[in-house]
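This report refers to the structure that appears directly beneath it.
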Amino acid sequence: MSVEPLAVRARLALVPNPARYLVVGALSFAVDYETLVLVRHVFEAPLWLATTSGFWVSFLLNFALSRLWTFQDSNGHPAGQLVRYAALVAVNFTVTLVAVSVLHGLGLSLLLAKAATVGTLTVTTFLAYKHWVFRD
């Protein structure tokens, strides 16, 4: 076996995997929702606390899995990555508020406005993770 195919395979193994990104996103959503339900119904906490708990648990899970599995960047400085990750979350939140409002105002249903926004942010966030948050 030549060295070149091994080097190519090693480089391909380090390429961020969009499928992993989608799996992490789906898992984060599930953990967010299950935490919300657990805190709300088992611990009988107010809805705002249950929602907040789910958000922050999934925030940390998504960051950790994105860093260590999707983008395989355990060598980067985690504090800097976390700051960039949090900044991106804030930008995505703002874009979501504006885009859903504008698209719905233009006549799209809430479902289509939200779906268009999430679909766009899914692609742009993957690229931002790859080139900014978890950059080499």
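Cβ separations smaller than 7 Å between residues 6+ apart or across chains give the following pairs from segment 88-109 residues that are in contact (Cβ under 8 Å) with a residue 40 or more places away in the chain to residues that are crowded, with 16+ Cβ neighbours inside 10 Å and not polar (S, T, N, Q): Leu88/Ala128; Leu88/Val133.
Cβ-Cβ contacts under 8 Å between residues 6 or more apart (or on different chains), taken from a first residue in segment 31-52 that is touching a residue at least 12 places away in the same chain (Cβ under 8 Å) to a second residue that is surrounded by 12 or more Cβ atoms within 10 Å (Cβ to Cβ) and among the hydroxyl-bearing types (Ser, Thr, Tyr), are listed as Val31/Ser58; Asp32/Ser58; Thr35/Ser53; Thr35/Ser58; Leu36/Thr51; Leu36/Ser53; Val39/Ser53; Ala50/Thr35.
From Leu27, Leu6, Leu12, which residue is assigned to a helix (DSSP H, G or I), at pLDDT below 95 and within 20 Å of Lys130 (Cβ to Cβ)?
Numbers: Leu27 fails: at pLDDT below 95; Leu6 fails: within 20 Å of Lys130 (Cβ to Cβ).
The match here is Leu12.
Consider segment 60-83 and keep the residues that are of a type in the set (Phe, Trp, Tyr) and at pLDDT below 95. The one that is surrounded by the fewest Cβ atoms within 10 Å (Cβ to Cβ) is Trp69.
When restricted to residues that are in contact (Cβ under 8 Å) with a residue 24 or more places away in the chain and outside any loop (DSSP other than H, G, I, E, B), segment 64-78 contains 5. Filter segment 84-95 for residues that are crowded, with 16+ Cβ neighbours inside 10 Å and closer than 13 Å to Thr117 by Cα and give the result. Within segment 84-95, Asn92 is the sole residue that qualifies.
Can you give me the number of residues within segment 111-136 that are in a helix (DSSP H, G or I) and either within 12 Å of Ala99 (Cβ to Cβ) or in contact with a Phe, Trp or Tyr (Cβ under 9 Å, 6 or more places away or on another chain) (or both)?
Within segment 111-136, the first condition is being in a helix (DSSP H, G or I), and the residues that meet it are 111-133.
Checking the rest, the ones that are also either within 12 Å of Ala99 (Cβ to Cβ) or in contact with a Phe, Trp or Tyr (Cβ under 9 Å, 6 or more places away or on another chain) (or both) come to 112-122, 124-126, 129-130, 133.
Qualifying residue count, segment 111-136: 17.
Filtering segment 57-68 to residues that are in contact with an Asp or Glu (Cβ under 9 Å, 6 or more places away or on another chain) and hydrophobic (A, V, I, L, M, F, W, C) leaves Val57, Phe59, Leu61. Between Leu110, Leu121, Leu106, the distinction of being surrounded by 17 or more Cβ atoms within 10 Å (Cβ to Cβ), among the aliphatic types (A, V, I, L, M) and not assigned by TED's automatic domain parsing to the domain that holds Ala19 belongs to Leu121 only.
The values are calculated or read from the model by the stated rules, or taken from the named source; none is laboratory data. Everything quoted here is computed from the prediction, not taken from an experiment. No Cβ is skipped: glycine too gets one built from the backbone with ideal geometry, and neighbour counts run over all protein chains shown.
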